[in-house]
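Rule-based calculations on the coordinates, nothing more; no lab input. In this text, all values refer to a predicted model and were calculated from it rather than measured experimentally. No Cβ is skipped: glycine too gets one built from the backbone with ideal geometry, and neighbour counts run over all protein chains shown.
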Amino acid sequence: MALYALRKLVFFIGAVFVASVAIFLLIRAAGGNVAAIVLGKDATADAINALATAYGLDRPLPVQYFDWILGMLQGDLGQSFRTKEAVADLVVGRLSVSIPLALSGLLLGLIIAIPVGTYAARNVGKPSGAVLALISQIGIAIPVFWAGILLSVLFGVRLGWLPTGGWVDWSDDWVGSIRSLVLPVLSLGLIMAAVLIRYVRSAVLDVMNQDYVRTARAVGMTRTQALLQVGLRNAALPIVTIVGLQIAELIGGTVIIEMVFSLPGLSRMILANVAAREVIVVQSTVMLIIVFVIFVNFVVDLLYGILDPRIRNAA
Amino acid sequence: MTSRNAIEVRDLVVGNGDVTAVRGVSFTIPQGGRMGLVGESGSGKSMTALALMGLLPMGWSTHGSVLHDGVDLVTQSDKALSSRRGRTISMVFQDPLSSLNPVRRVGDQISWVIRKHMGVDKKTAEQQTIELITQMKLPRPEQLVRAYPHEISGGQRQRIMIAMALACYPQLIIADEPTTALDVTVQKQVLRLLNGAAHDRGSALLMITHDLPIIAAMCDTVAVMYAGRIVEMGPVAEVFRNPRHHYTRGLLDSQPTMDNIALDGTSRLVSIPGMVPPLHDLPTGCAFNPRCAVATDRCRAEMPELSGDTLKSACWHPVPNSSEVAAQ
Amino acid sequence: MTITAPAVSVPKRRRRLDLNASLVVGVVLTIGFLAIAIISFFWLPSNPNIPNIKARMMPPFSPNHWLGTDGLGRDIVAQLMVGARTSILVGAGGASIALVLGTITGLVAAAYGKFADEAISRGADILLSIPGMVTALVLAATMGSGAFTTILALSAFFTPSFTRVIRSAAMGVLQEDFITSAKLYGRGRLFILARHVIPNIAGVMIVQFTLYFAAGILTEAGLSYLGVGVTRPSISWGMMLNEAQQTVGISSPLAIWPGLAIVLVVLGLNLLGDGLRDVLDPKLKRRSA
C-alpha cells in the first residue's frame, strides 16, 4: 500500500506540474502579450511597456513561470493589476459559497444515484427499469443552468418558497445562506444524479453477473443480500473511479449554477476577471481549481487502493 | 417423501421463454451416492445444476420437481432456498478465481458460511475455518486465511471453494467442471480431495464434466445429456462398457485412450460428425438424429423415451449389446 | 423409471425492450435538428438579429411569430433556427477536431510501444482532470470569446477522452490473430493501422463522435449562457437563455424554448450514439440493454 500511495503521490505532483505548465503556456501562447491584453486595444506602446516592466512580464517565460509557481507554493497567488488586491484574499471569501455548493451537489447526486441506479440494474428489462433509464437519459440532456432556471421558476417565482438568487453571508444569517443554497444544490445534484445513475446501473449490472455474486448466493445469501453485501462492495470500485472523473464536470456545473442564482462564488469572480482581462487573477484562480481537482483524483486513487486489494498489491 | 435420497429430480424443465435448455430431466441420487453428468457444452448440464441450486440467471425459470431434504426446491422462495444453500446442498464452480469475492479475505469468506449456517460465534467459526483449511491440505492455514483470492494459486483457490462447499456437511455437493480451469498437474489432487472430503462427510456428489475418465474414476452412476435431455443413464461400468445410445458410443469413441491413439498415425480416434443443435432450432424426434449414422424416419418423427432396467437409454435403434453381438 | 416428456411450456418472459427504439428516436430527433439548421440557410421567418420595437414580447402562437418574440421584438423561431447552426458548428467542430487528435494519439499509444503509451495515457489522465469549463474561461480571457475559441476549448478537453477510448479499442484489435498474420506478411505498422485497425474501430469512433457532439452542444450552451461563448450576430440557445434571464426574467416562456431545443437535440444525439453502439458493437449489447 505504501508503494502504491507513493506512486500515486508522484503522479499527483507530476500532474500538478504538467497542468501548471499547460495553463501558463495556454495563456501566454493564446493571449500573446499579457500587458497588452490587460490594458486593452487603446493602450499606447509606452503604457504597455511600463506595465510589462513593472510586473516583470518582459522577463523570459521560464523565469516568469518559476516566479509564479514559487509564489503559489508560498501562498502568494499574485495580485490584480487594477485593484492591487491579492488574489488569495479575493479567493478565500468566495470559497464559503463555492465549496458547500459543489460538495452538497455531489453528495446529493450520489445519494440519489446509488439506490436508483441499483434499482434500475435489478429491474433491467422490466418497465420500471426502462422508465428509469429514460429519465436518466433525459436528465443527462438537460443543461444544468436550464434545470436551475426551471427550478427557480417553480419554487422561487410560482411557489415563492425559496429565493431565486442572491446570497446572505453565513455569519449574518446561516439559515438564509442555506435557503439560498437549496435550489442551486438541487439543480446541481439532480443533473449529477442523472449522469451517475447510468454509471451506477451499469456497474451494478456488471457486478451482478459476476461469478462471485453467484457463489455468495450458493453459500447462503439471498439475492438481495448478495447484491448489497458482495455486489455493491465490488461495484464501489468503478463508481469511485467515475466520481473522480465527474469532479471536473462538477466544477463546470458549479461555475454555471453560481451564475444562474447570482451567488458570489469563485466563478462569478473568475468571470468578472475574464471580462476585466485580469490575466494573472484568472491564471492563478484556475490553477487553484485544477490543483483541487487533481487532488481529489489523488484521494480517489488512494481510496481505490484501499477498496481493492488487487490494485494495492499490484503496484 | 423419500428421505433416503440426497436428491430426486423429476421432469425438470428449464427455460427463459425463448429457449428451453433442459427439457424434462429426471434422476435420483441416493444418500452418499455419486453421479456423473456428461455432455458437450450446450447440452444443458450446467443449467440443470444451477436449477437444482435455484441459481438460474435472471429471466430463467424452472418447472418439475426437485425433492431434497423433504422439500421441493422448485417451489421454495429465494429466502427459504438461501437457508439451504451451503448447508444441505452446495456447489463448487468451474473457475475459482472469478467465483471468489476478490475484495474479501478467503478466511472471512469461509467463516461467513459457517457462522451463517451453524449459528456459532465468530471465534469458533474462525477456528473451524482453520481446521477446514488444514483438512484441505493447504499449507500454513493461519496465514492463508488472511490472503485475498488473487494472492493464492488456482489449485489453492479451488480448495478454498471446496472448503466453503463442504463447511456445513451438506447432503449433496454439485461440482460443475471443478477442474477445467486448473493446471493438469493439480487437477487430480483437487479431485481426490473433493472425493475424499465428500466421502468423509457422507455427502452425495453430482459431478458435472465432459471428461469421461473422471466419471469412471469417481462415480457409481452416470447420466449422458444431449440437447437438454438425458439420453442414457445407468451404472458407470455398464454405460461405459456397453453403451446403448449412439451418442454415448460416439462420446466414448472420441476419447483418446492408450488403446486408440496409434503413434504411427493410423489412429482410430473418431469424432461425432456435425454439431450440437442450437436450442432454438432443435430437430424433431430424437435430437441426435441429424448426427446419427443409423437414424431412420421414426427417429426423425418421434422422440424416444428413456427405457431399460439398470441401464436406461432413449434410442429407437440401440447399439447392440456386446453379449448380444457375441450370441449372434 | 420412464420419464414422460412434459409439454415444454415455460411462461413467456417479457421480452427485452427493443434496443433499436433508442436508435429510431435518436435518428428522428437528429435528422429533424439537422434539417432545421439546413432550412435556416434558405428560409427564416424574419431576421433574428434586427430588433422590432413594435413587436416586443409577443406571446407564443402570435400571427407571424409562432413562438412569439423576445424583449427586443426578435422572432423566437428564427433565433432557434439560427441557433441550431451554431450548435452544429461548435458541437460537431469541437468533436471533429477531438476525433482527429484523439485518433492520432490513441493509435500512437496503442501501436508505438510502451513508452509512447505511458506518456500519452498519463498526459490524457492529467488533461482529463482539468475542468473543461475552466479551460474555456481561460481561453476566453486571453483570446476573447466567440465560436472559434469555443471550438478550440471543446476540442482541447474532449481530446483526452477520445485518446483513451480509441487507444483501448485499437489495443483490442491489435491483439487479434489477423494482425499477427499481417505482421508475418511483413506489413508495416502504418499499413496495419490504416487498413486493419481503423476500419475495425470505425464503429467506436462514430459512437464516440456522436456522444461528444451532444456534449459539445451542452457545453457551448453553457459557455454562451455565461457570456463567454458565441456572440451576436451568431445566435446560441444558451445565449438566448441568458438574454431571457437578463431582460425579461426567468418566468417568461422565453426561458422555455431554447432549453427545450437543447434537451431534444442532446437527447436525440445521445440516443443515436447508444443505439449505434448496440448495432455496431454487439459485444456491448447485453450490458447496455
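Here B:Lys116 is the anchor, and the aspartates and glutamates within straight C-alpha reach of less than 18 Å, apart from those fewer than 8 places off in the same chain, are B:Asp78, B:Asp108, B:Glu126, B:Glu131.
Which value in Å does the Kirkwood hydrodynamic radius of the stretch A:257-315 take, with 1/r averaged over all unlike C-alpha pairs and then inverted?
Details: mean 1/r = 0.0720 Å⁻¹.
So the Kirkwood estimate lands at 13.9 Å.
Highest mean first, how do B:144-152, A:188-196 rank when packing is the count of other Cβ atoms within 10 Å averaged over residues? Intermediate results must be reported in sequence, preceding the final value.
Details: B:144-152: 18.1, A:188-196: 23.7.
Listed from highest to lowest mean packing, they are A:188-196, B:144-152.
Packing, taken as the mean count of other beta carbons within 10 Å per residue, orders the peptides C:213-224, B:299-310, B:91-102 from highest to lowest as C:213-224, B:91-102, B:299-310.
Just counting partner chain Cβ atoms within 10 Å, what average do the residues of peptide C:222-235 show around their Cβ? Could you put the intermediate results ahead of the total?
Numbers: counts 9, 3, 0, 8, 10, 4, 4, 0, 0, 0, 0, 0, 0, 0.
Counting other chains' Cβ atoms within 10 Å and averaging over C:222-235 gives 3.
If you add up the charges near C:Ile192, with Lys and Arg at +1 and Asp and Glu at -1, over every other residue whose beta carbon is less than 12 angstrom from its beta carbon, what do you get? Mind showing how you got there, number by number?
Details: positive: C:Lys183, C:Arg187, C:Arg189, C:Arg195; negative: C:Glu176.
Local charge sum for C:Ile192: +3.
Across the stretch A:137-294, Cα-Cα pairs more than 19 Å apart make up 66 percent of the total. Between C:Ser161, C:Ser87, C:Ser181, the GNM of chain C built on Cα springs shorter than 10 angstrom shows C:Ser181 fluctuating the most.
Summary of the geometry: the stretch A:210-228 and the stretch B:118-181, compared by the centres of their Cα atoms, lie 17 Å apart.
Axis angle, to the nearest 10 degrees, between helix B:106-118 and the longest C-alpha principal axis of chain B: 90 degrees. For chain A, with equal point scatterers placed on the C-alpha atoms only and solvent neglected, what are the log10 I(q)/I(0) values from the Debye formula at q = 0.08, 0.13, 0.15, 0.16 1/Å, to two decimals? At q = 0.08, 0.13, 0.15, 0.16 Å⁻¹ the computed log10 ratios are -0.49, -1.07, -1.23, -1.29.
Just tell me how shielded B:303-313 is by partners: mean number of partner chain Cβ atoms within 10 Å of each residue's Cβ, no decimals. Display every interim value, and only then the final one.
Working: counts 1, 1, 4, 4, 3, 2, 1, 0, 0, 3, 0.
Mean shielding count: 2.
Among the listed pairs B:Lys45/B:Lys188; B:Lys137/B:Lys312; B:Lys45/B:Lys137, those whose Cα-Cα separation exceeds 32 Å are B:Lys137/B:Lys312.
Neighbouring Cβ atoms from other chains, within 10 Å of the Cβ of residues in B:103-116, number 3 on average. Using the Cβ-Cβ distance between C:Ala116 and C:Ile38 with R0 set to 51 Å, the FRET efficiency works out to roughly 0.75. Each label point is 7 Å from the Cα along the Cα-to-Cβ direction; what then is the distance between the points at A:Asp42 and B:Lys122, in nm? Result for the modelled spin labels: 7.6 nm.
Over all pairs of different C-alpha atoms, chain C has a mean inverse distance whose reciprocal, the Kirkwood radius, equals 21.6 Å. Shape summary: chain B maps onto an equivalent ellipsoid whose semi-axes, from the alpha-carbon gyration tensor, are 37, 23, 18 Å in decreasing order. Helices in chain A that qualify as membrane-span-like (whole DSSP H runs, Cα extent of at least 24 Å along the helix axis, mean Kyte-Doolittle hydropathy of 1.0 or higher) are A:2-31, A:87-122, A:174-208, A:232-260, A:279-307. Neighbours of B:Gly24 by Cβ distance under 14 Å: Lys/Arg scored +1, Asp/Glu scored -1, total +2.
One quarter of the convex hull surface built on the alpha carbon atoms of the stretch B:98-162 amounts to 4.0 nm², the projected area averaged over directions.
This model, with +1 at the C-beta of Lys and Arg and -1 at the C-beta of Asp and Glu, gives chain B a dipole about its Cα centre of some 880 debye. Sorted fewest first by neighbouring Cβ atoms within 10 angstrom, A:Tyr212, A:Tyr65 come out as A:Tyr65, A:Tyr212. The listed peptides B:283-290, B:65-72, ordered by packing as a protection proxy, come out as B:283-290, B:65-72 (highest mean of other Cβ atoms within 10 Å first). If you build a Gaussian network model of chain A, linking Cα atoms that sit under 10 Å apart, which residue out of A:Arg94, A:Arg158, A:Arg277 swings the most? Maximum fluctuation in the GNM of chain A, among the listed residues, is at A:Arg158.
For the protein assembly as shown, the average shadow cast by the Cα convex hull is 50.1 nm², which is a quarter of the hull's surface.
In the stretch C:49-119, a dipole from Cβ-located charges (positive for Lys and Arg, negative for Asp and Glu) runs towards its positive end, and of C:Thr103, C:His65, C:Ile88 it is C:His65 whose Cα lies farthest in that direction. Using only side-chain charges placed at the Cβ, +1 for Lys and Arg and -1 for Asp and Glu, the dipole size of the protein assembly as shown relative to its Cα centre rounds to 720 debye.
Annotation: aspartates and glutamates with alpha-carbon distance below 20 angstrom to A:Lys84 (same-chain offsets under eight excluded): A:Asp58, A:Asp67, A:Asp76, A:Glu278.
So what's the back-of-envelope 222 nm ellipticity for chain B, counting only DSSP H runs of four-plus at -39500 (n - 2.57) apiece and dividing by all residues, rounded to 500? Don't skip to the answer; put the middle values down first.
Working: 13 runs with 112 residues, N = 328.
Taking each H run of at least 4 residues, the total per residue is -9500 deg cm²/dmol.
Helices in chain C that qualify as membrane-span-like (whole DSSP H runs, Cα extent of at least 20 Å along the helix axis, mean Kyte-Doolittle hydropathy of 0.0 or higher) are C:20-42, C:76-111, C:113-128, C:147-174, C:198-226, C:257-280.
Based on DSSP H segments of at least four residues, each scored -39500 (n - 2.57), chain A has a per-residue ellipticity at 222 nm of -25500 deg cm²/dmol. Annotation note: chymotrypsin sites (Phe, Trp or Tyr not before Pro) in the stretch A:66-166 located in DSSP loop regions with a Cβ neighbour count of at most 11 within 10 Å are A:Trp161.
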